[in-house]
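The values are calculated or read from the model by the stated rules, or taken from the named source; none is laboratory data. Just so it is clear, the model here is predicted, and its values are computed rather than measured. Note that we place each Cβ from the backbone using ideal geometry, even for glycine, and neighbour counts take in every protein chain shown.
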Amino acid sequence: MASSAFQRLVGHFEDKSQAPARRAPARTMMVPPSVFADTWQGKPDEAIRLGIVFIAEEAQTRAAAMAQQSAEGEFPNGPEQSAIDAFNTHLMANTLCRVLCDEDDVSRLFFEDAPEMAIRVAMTDRGIARVWESYQRILTEESPLSDEATDAEIAQLGRLLADGAVSRLTPEWQRRMRRLFGEVAIELSEAPVI
C-alpha cells in the first residue's frame, strides 16, 4: 500500500516534469530603457531583448476596436486631430501588448496581466511609438506580402542615389530616406554573406 502511494507521488512529479517545451519567437528586438516610464517599478537598467509574436488579423481588429473606443472616450467632442492622435497611440499600445513576449517563450507575453493597461503604465507614449516603428520594420522584413526588390531595381536605386536623388527631396523626406538607408546599412553590415 505504501509503495503504491509512493509510486503515485513519484508519478505526480514526473507528470509535472513533462511540461510542453517552450517555443522561442521567430524574431526578437532590443528595447532600450528609455522607452520605459521612469515611474514604472519594472524599468530595466539596460536594454532588454523581447520576443515578437506575429498576431492574427482577428487580434489586430480587436486592438483597433479597443483603440477606437478609448479615443472616443478621451475626446468625445474634442478636436479631430487629438482624437486621431489618441486612436493611433492606443492602437500601437493595444497591438504591442499582444505582440511583445518573453525572448525565449512565445506563450509568455511581456505584459501578462491586464496588458492594455500595463503597457500604458510601463512605457511612455514616445517609447510605444519607438517600439512600434521597430515592430513595423520587422513586419515588413518578414511579411510575404512585402515585395522584394529585383536585382534590376537594386541597380536602379544605386544609380538614383549616385545621381543625388535624395538631395532633391524635401527636407522631411530626406531625413526619412536617410533613416531608412541607415537601417539598410546596418542590416547589410550584419548580414551573413555566402
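Below are the figures for this structure:
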quantity: Among residues of the stretch 160-183, those that are surrounded by 10 or more Cβ atoms within 10 Å (Cβ to Cβ) and part of a helix (DSSP H, G or I), counted; calculated: 15
quantity: Failed item, numbered, when SER146 is tested on (1) among the polar types (S, T, N, Q); (2) surrounded by 14 or more Cβ atoms within 10 Å (Cβ to Cβ); (3) within 20 Å of ALA26 (Cα to Cα); calculated: (2)
quantity: Filtered residue count, the stretch 25-46, keeping only those that are more than 26 Å from ALA86 (Cβ to Cβ), under 15 Å from the mean Cα position of the chain (by Cα) and either in contact (Cβ under 8 Å) with a residue 40 or more places away in the chain or in a loop (DSSP other than H, G, I, E, B) (or both); calculated: 4
quantity: Options GLU116, GLU141, GLU190: the member that is in contact with a His (Cβ under 9 Å, 6 or more places away or on another chain) and not small (Gly, Ala, Ser); calculated: GLU116
quantity: Number of the exception - ARG126 against (1) under 14 Å from VAL31 (Cβ atoms); (2) among the charged types (D, E, K, R); (3) free of Cβ contacts under 8 Å to residues at least 12 places away in the same chain; calculated: (3)
quantity: Residues located in the stretch 149-158, provided they are in a helix (DSSP H, G or I) and either of a type in the set (A, V, I, L, M) or surrounded by 10 or more Cβ atoms within 10 Å (Cβ to Cβ) (or both); calculated: ALA152, GLU153, ILE154, ALA155, GLN156, LEU157, GLY158
quantity: Condition check for GLU172: farther than 24 Å from ARG23 by Cβ and assigned by TED's automatic domain parsing to the domain that holds ALA24; calculated: no
quantity: Candidate set from the stretch 94-135 (those that are in a helix (DSSP H, G or I) and aromatic (Phe, Trp, Tyr)); member that is surrounded by the fewest Cβ atoms within 10 Å (Cβ to Cβ); calculated: TRP132
quantity: Scan of the stretch 65-93 for residues that are of a type in the set (S, T, N, Q) and surrounded by fewer than 18 Cβ atoms within 10 Å (Cβ to Cβ), ordered by number; calculated: GLN68, GLN69, ASN77, GLN81, SER82, ASN88
quantity: Residue in the stretch 77-88 that is free of Cβ contacts under 8 Å to residues at least 40 places away in the same chain, part of a helix (DSSP H, G or I), assigned by TED's automatic domain parsing to the domain that holds GLY127 and touching a His at 6+ places or on another chain (Cβ under 8 Å) present; calculated: no
quantity: Residue among VAL131, VAL166 that alone is under 20 Å from GLY51 (Cα atoms), of a type in the set (A, V, I, L, M) and at pLDDT 90 or above; calculated: VAL131
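Yes/no matrix, rows are residues, columns are (1) outside the structural domain of GLN41 (by TED's automatic domain parsing); (2) closer than 17 Å to PHE36 by Cβ:
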| position | (1), (2) |
| --- | --- |
| ARG98 | no, no |
| CYS101 | no, yes |
| GLU112 | no, yes |
| MET123 | no, yes |
| ARG126 | no, yes |
| ARG130 | no, yes |
| SER134 | no, yes |
| ALA152 | yes, no |
| ALA191 | yes, no |
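Each row is one residue, and each column tells you yes or no for (1) of a type in the set (A, V, I, L, M); (2) at pLDDT below 85; (3) more than 18 Å from GLY127 (Cβ to Cβ).
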{"residue": "ALA37", "(1), (2), (3)": "yes, no, no"}
{"residue": "GLY42", "(1), (2), (3)": "no, no, no"}
{"residue": "PRO79", "(1), (2), (3)": "no, yes, yes"}
{"residue": "SER82", "(1), (2), (3)": "no, yes, yes"}
{"residue": "CYS101", "(1), (2), (3)": "no, no, no"}
